[in-house]
Amino acid sequence: MSEKKSAERVDFNELKTGGFIKQNQKDLFTVRLRVPGGRLDVDKMAKIAAVAKKYSKMGYCHLSFRQSVEIIGVHIDDFDAAVKELAAFGQPIAS
């Protein structure tokens, strides 16, 4: 991607339906992961933690009341890379 997403016009409703939720901080989003039944094996949990450590500007995940994992504080310009790394080990983004 040649231009930064933050410089583009963004449809926040479209992002939300794709698992990306706008935060109050400029260009930061929560990335909601799909976790069927709320169950993760420890290997996948460790891989999610590694992605969160790399891309979360706030340094943490959130376990939601819907039994999903949310990576907090991902910059809009890091979406593609974060999604690619999550997909590499079979972790889908929630919709």
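Yes/no per residue for (1) outside any loop (DSSP other than H, G, I, E, B); (2) of a type outside the set (A, V, I, L, M):
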site: Lys44; (1), (2): yes, yes
site: Ala49; (1), (2): yes, no
site: Ala52; (1), (2): yes, no
site: Met58; (1), (2): no, no
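Each residue in the range 12-28 was checked for being modelled with pLDDT under 90 and surrounded by 13 or more Cβ atoms within 10 Å (Cβ to Cβ), and 9 of them qualify. Take the conditions (1) loosely packed, with under 13 Cβ neighbours inside 10 Å; (2) touching a residue at least 12 places away in the same chain (Cβ under 8 Å); (3) farther than 15 Å from Thr30 by Cα; Asp80 misses just one of them, which is (3). Listed by first and then second residue, the pairs linking a residue in the range 41-59 that is of a type in the set (D, E, K, R) to a residue that is part of a helix (DSSP H, G or I), with Cβ atoms under 9 Å apart and 6 or more places separating them unless they lie on different chains, are Lys47/Glu85; Lys47/Leu86; Lys47/Ala88; Lys54/Asp78; Lys54/Ala81; Lys54/Ala82; Lys54/Glu85; Lys57/Asp78. When Arg34 is tested against (1) under 16 Å from Pro92 (Cβ atoms); (2) in contact with a strand residue (DSSP E or B) (Cβ under 8 Å, 6 or more places away or on another chain); (3) surrounded by 14 or more Cβ atoms within 10 Å (Cβ to Cβ); (4) modelled with pLDDT of 90 or more, just one condition goes unmet, and that condition is (3).
The values are calculated or read from the model by the stated rules, or taken from the named source; none is laboratory data. All values reported here derive from a predicted model rather than from experimental measurement. Using ideal geometry, Cβ is built from the backbone for each residue, glycine included, and neighbour counts are taken over all protein chains shown.
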